1. Which value in nm describes the separation of the simple spin-label points at E16 and E153, placed 7 Å from the Cα toward the beta carbon?
2. Distance in nm between label sites at S27 and L167, each 7 Å beyond Cα in the beta-carbon direction?
3. Report the normalised scattering of segment 15-81 as log10 I(q)/I(0) at q = 0.22, 0.24 Å⁻¹, calculated by the Debye formula with identical scatterers on the alpha carbons.
4. In the neighborhood of A77, defined by Cβ-to-Cβ distances under 14 Å, what is the net charge if each Lys or Arg adds +1 and each Asp or Glu adds -1?
5. Build a GNM of the chain with springs between Cα atoms under 10 Å: which of S78, S14, S99 gets the top mean-square fluctuation?
6. Please work out the Cα convex hull volume for segment 4-166 and give it in Å³ per residue.
7. Can you tally the net charge around V25? Count Lys and Arg as +1, Asp and Glu as -1, for every other residue whose Cβ sits under 14 Å from the Cβ of V25.
8. Using +1 at the C-beta of Lys and Arg and -1 at the C-beta of Asp and Glu, which of V155, G169, S14 has the Cα lying farthest in the positive direction of the dipole of the chain?
Amino acid sequence: MVGAGRSRAFLKKSVELTGKPGEEVASGLLTACVVAGRLRDWDLTLALTARMLLLTRWFNNPAVTGPCLALCARALASEKPEIGGVLQGAGYATFRQGSGTSEATRRPDTRNDPNPNFLITALHETGDLVAGALGAQRAHELRRTGAAMSMDEAVSYALANVDPRLLTGPITVG
């Protein structure tokens, strides 16, 4: 198992190699998004997911877009809970689309699972942060709004609500 310090060093090198503007490597950036989220570096996660969504926005691939929306939602939830709540709903909907299940097909709550899926955990955390900031009813409304979006609409919404400086120039790892 690699420690957080070593993980951060690997992440920095990966971003240097795969995140140069105009030379991005989508698979490397997606991996970096997930690693930054696992390290709970939400500023870096937001920068990476925003760049990844911009890079892949026309692919409409739930396996790529779902994790990016989930991590973007979590990265924004503390500072911008309304946006985080909408993206949480869009993230869940994208995962459902990718798995071929409908909204009516509910999965059990995995919050107490000893080996939870990291991305689902991030979505649960997002929901908790949004509900804590805005109330459970408003959080539900926002989730429903995001779930009603197409994948393209969700990506456009995410990109419209991040700092435009995150979409250009080099990505820096602190």
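1. Reported label-point gap for E16 and E153 is 4.3 nm.
2. Simple spin-label model gives 2.8 nm for this pair.
3. For segment 15-81, the Cα-only Debye profile gives -0.86, -1.00.
4. 0
5. Residue with maximal mean-square fluctuation among S78, S14, S99: S99.
6. 113 Å³
7. For residues surrounding V25, the net value is 0.
8. The residue sitting farthest along the positive end of the dipole is S14.
Since every read-out is calculated from the coordinates, none of them should be taken as a lab result. Remember, it's a predicted structure, so these values are computed and weren't measured experimentally. In this analysis, Cβ positions are derived from the backbone assuming ideal geometry, glycine residues included, and neighbour counts consider all displayed protein chains.
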